[in-house]
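Data first, discussion second: the structure below is written as structure tokens.
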Amino acid sequence: MTDPAARAAELRSLLHHHIYRYYVLDDPEISDGEYDDLLRELQAIEAEHPELVTPDSPTQQIGAPISEAFSPVTHRERMFSLDNVETFEGLEAWRDRIVRLLDHEPEAYACELKIDGLAISLTYEAGHLIRGATRGDGVTGEDITANVRTIRDIPHVLLGDPPPVIEVRGEIYMPVSAFKELNERQAVEGKPPYVNPRNTAAGSVRQKDPAVTAARKLSLWAYQIGYIEGGPSLETHTERMSWLAEMGLPINPENRTVETIEQVEEYVRVAEAGRHERDYETDGIVIKVDSLADQDVLGSTAKSPRWAIAYKLPPEEKTTKLLDIKINVGRTGAVTPYAVLEPVFVGGATVTHTTLHNESDLHRRNVRPGDTVIVRRAGDVIPEIVGPVLSMRPPGLPEWHMPKTCPFCGSPIVVPEGETKAKCTGGYACPSRLREYLAYFAGRGAMDIEGLGYKTVDLLLSEGIIHDPADVFTLKPEDLLGREGWGETSVSKLLAAIDDAKDREVARLITGLGIDHVGGTIARTLARRFGSIDALMAADEEDISAIGGIGPEIAGSVVSWFAADENRRLIEKFRAAGVRMADPVTRDESSDLLDGVSVVITGSLDGYSRSEAKAAVEDRGGKVTGSVSRKTTAVVAGASPGSKLAKAIDLGVPVLDEEGFERLLAEGPSAIGN
């Protein structure tokens with residue numbers, strides 16, 4: 001008799017091969033029926049011998065076990081977003097910047113369709129898929145491995161001779177044909193249709209039932225290597241993509257490598273002309289400098305690689321009826337008008353509301369309630385009203401004007417001198433403003449209080465339990481116990497999260513205060529300079545504007561905020577509630593220690609996470625970058641360093657181990673070489 005283990009291994013190998021032929025090469029060697037026969041035979045063997053089931057078996061690609069929750073995943077290398085251009089002039093300006101930085105014209109450009117889907121990171125070790133993660137915030141994503149395993153054209157095992165570790169970036173998308181079939185089923189079942197393929201694809205992988213993902217017929221195009229250990233010595237992005245294809249990863253057949261910017265522009269024209277002919281949605285074209293050496297030299301900004309650009313295709317436009325104009329009061333008191341529209345499907349989404357920015361902008365666009373208006377999804381993301389169809393305007397249609405009083409609190413609405421944005425003068429007595437402020441204060445970018453979202457904020461406000469952010473820290477179990485949805489477990493979790501938030505670093509509290517023009521980056525700068533709320537509160541405009549990167553407008557906003565009696569009372573309430581008012585170490589003593597220092601971190605450190613190491617450098621005025629160049633001050637190499645270590649050695653950049661890194665943090669640049 002045939003050995004079951006040997007036959008199972010043979011079937012897995014055959015099925016992986018045929019998946020590659022069918023989904024990657026579009027050149028199957030067997031029929032669907034023959035493929036199904038092989039799959040059924042493997043299923044029968046695994047049913048009789050459960051010990052032979054492996055995580056990478058093709059039988060595990062459909063109907064994988066339900067995942068209880070998504071765990072956070074820290075990417076080995078940051079997943080960046082791309083800068084955008086919308087014209088050939090913008091594209092040529094990008095090329096000119098590249099030439100100035102390189103001091104030569106790139107030899108080639110890689111052109112790829114920008115897929116309208118969900119960015120994904122796939123990690124393989126010894127050729128086996130071990131993790132799939134969303135991009136998240138670029139540093140930390142969500143572990144969606146169980147769902148990724150159900151997508152049939154994502155290989156569980158790489159072909160050929162894969163490297164020890166490789167992280168591949170790609171885009172998960174729903175084919176247009178699959179999207180249409182899904183909505184046809186929704187209609188038959190009397191269910192509402194899904195809005196667009198992109199959101200449906202994202203929702204299909206960011207939910208907890210892999211069976212749902214499996215049923216959605218999702219696909220993937222791989223477009224980048226994010227991290228690699230070992231592998232062949234390749235010199236271009238194009239070579240890397242060919243290598244990925246040889247290992248069984250699906251690469252878009254419309255990728256092209258060209259030599260001049262004029263050829264790039266021709267690729268854009270052809271891609272745009274065929275935009276609606278493909279079985280997947282695209283929202284632009286990605287152009288990359290092909291040389292990997294040139295990419296390393298160009299490096300990245302804080303958010304985007306300099307060596308790549310996204311050419312955004314023109315947005316689609318539709319007309320619809322402007323039913324009404326209403327206003328919203330935000331956390332700073334800013335009053336923003338928004339349009340209520342007759343629902344219109346444009347740019348892949350149904351639009352019912354859109355912002356009108358301010359009254360001046362509204363009048364500039366010359367739109368009035370009752371108009372037929374042109375609606376555009378700018379960049380295929382943000383819906384906006386372009387203007388009215390004047391020939392369809394009813395006679396005598398009146399202009400819209402900002403109300404004189406706030407509909408939420410009855411306070412006067414004014415436009416401060418020198419500003420264009422109207423504001424509600426009701427302060428935090430305005431329920432709309434207070435609601436937005438509290439949700440912002442508790443959000444991830446500020447105090448990060450898990451469980452304190454809009455629904456909970458609405459409950460606390462409607463019952464009069466809290467009146468400002470400081471009241472959050474005095475909540476008691478009896479304030480919530482017994483209310484709908486609030487048992488002992490949920491109350492304990494919320495109060496524990498609130499207690500944890502009391503000890504957040506000062507930068508988060510500064511962010512959460514909601515001072516005009518002060519976001520997370522400025523808040524961290526202020527916290528590094530002053531170290532405590534009291535020191536910041538005592539600073540004048542000259543002290544603050546003297547800090548690099550902070551101008552007089554921000555300085556004036558900070559001083560004005562702390563000068564207000566109601567805000568000083570709020571600070572004292574925070575203090576009385578036990579909220580941290582100062583960081584443990586006075587940061588201004590070392591905030592300039594690494595001024596002008598540029599550090600690259602590769603590999604894992606025993607004493608620091610990647611984010612902790614980055615923060616330690618930035619707290620001392622230095623910068624952490626993602627690529628090594630001759631301008632790099634030092635490379636910190638931990639365990640299992642990547643190719644950046646070899647690049648540092650080639651360029652003669654100093655390399656520090658963890659002990660050397662700690663000396664750098666303590667002594668500054670003088671520690672390098674000691």
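Remarks
- Equivalent-ellipsoid semi-axes for the range 315-425 (Cα gyration tensor, √(5λ), whole Å, largest first): 25, 16, 12.
- Principal-axis tilt of helix 658-667 within the chain, Cα atoms, nearest 10 degrees: 20
- Residues whose placed amide H lies under 5 Å from that of Val351, excluding near-sequence neighbours: Val344, Phe345, Val346
- Amide H contacts under 5 Å for Tyr223: Arg169, Gly170, Glu171, restricted to partners 5 or more places along the chain or on a different chain, H placed in the peptide plane at 1.01 Å from N.
- In this structure, the amide hydrogen of Gly387, modeled 1.01 Å from its nitrogen in the peptide plane, lies closer than 5 angstrom to those of Ile374, counting only residues at least 5 positions away or on a different chain.
- Hull-based mean projected area of the range 129-212, where the convex hull spans the alpha carbons, in square nanometres: 6.8
- Spin-label zone in the range 274-297 - amide nitrogen under 14 Å from a point set 7 Å from the Cα of Ser233 along the C-beta vector: 293
- By other beta-carbon atoms within 10 Å, ranking Val340, Val375 with the fewest at the front produces Val340, Val375.
- Rg over Rh [alpha-carbon atoms, Kirkwood Rh] for the range 427-501: 0.93
- Cα pair distances in the range 229-306, grouped into 5 Å bins until the bin that holds the longest one, percent each: 3, 12, 18, 20, 22, 16, 7, 2, 0
- The range 134-144 - phi-based ³J(HN,Hα) in whole Hz, Karplus 6.51/-1.76/1.60, Gly and Pro as x: 6, 5, x, 8, x, 9, 10, x, 9, 6, 10
- Working note: Cα gyration tensor of the range 475-630, eigenvalues times five, square-rooted, sorted largest first, giving semi-axes of 32, 24, 12 Å.
- Neighbour-count ranking [beta-carbon atoms within 10 angstrom, fewest first] of Thr336, Thr301: Thr301, Thr336
- The range 315-425 - percent relative contact order, Cα under 8 Å, separation 6 or more: 26
- Calculated over the range 270-320: convex hull of Cα atoms, volume per residue (Å³): 124
- When each of the peptides 397-410, 166-179, 108-121 is scored by the mean number of other C-beta atoms lying within 10 Å of its residues, the order from highest to lowest reads 108-121, 166-179, 397-410.
- Between 0 and 90°, nearest 10: helix 488-501 axis offset from the chain longest Cα axis: 80
- In degrees, nearest ten, helix 610-619 long axis to first principal axis of the chain (Cα): 40
- Rg of the Cα atoms in the range 506-588, relative to 2.2 N^0.38 Å, amounts to 0.99.
- For His75, His18, order by how many other beta-carbon atoms lie within 10 Å, fewest first: His18, His75
- Projected onto planes of every orientation and averaged, the convex hull of the alpha-carbon atoms in the range 382-522 covers 12.7 nm².
- Here the range 591-671 is treated as a Stokes sphere of Kirkwood radius computed over C-alpha pairs; at 37 °C and 0.692 mPa s its diffusion coefficient rounds to 268 µm²/s.
- For the range 77-164: relative contact order, % (alpha-carbon pairs under 8 angstrom, 6 or more apart): 24
- Residue-wise HN-Hα coupling along the range 390-400, computed from phi with Karplus coefficients 6.51, -1.76, 1.60 (Hz; x: Gly, Pro): 4, 5, 9, 6, x, x, x, 5, x, 5, 9
- Size-normalised alpha-carbon gyration radius of the range 84-312, reference 2.2 N^0.38 Å: 1.06
- Kirkwood hydrodynamic radius over Cα pairs of the range 61-205, then Stokes diffusion coefficient at 25 °C and 0.890 mPa s, in µm²/s: 136
- Dividing the radius of gyration of the alpha carbons in the range 470-532 by their Kirkwood radius gives 1.14 for Rg/Rh.
- Peptides 646-654, 477-485, 199-207 ranked from most to least packed, by the mean per-residue count of other Cβ atoms within 10 Å: 199-207, 646-654, 477-485.
- Highest-first arrangement of 303-312, 515-524, where packing means the average Cβ count within 10 Å: 303-312, 515-524
- Each residue of the chain gets 211 Å³ once the volume of the Cα convex hull is shared out per residue.
- Applying a 4.7 Å cutoff between beta carbons, the unpaired cysteines of the chain are Cys111.
Read the figures in this text as sums done on the coordinates, not as results from a lab. The model shown is predicted, which means the values in this text are computed figures rather than measured ones. Note that each Cβ is placed from the backbone with ideal geometry, even for glycine, and that neighbours are counted across all protein chains shown.
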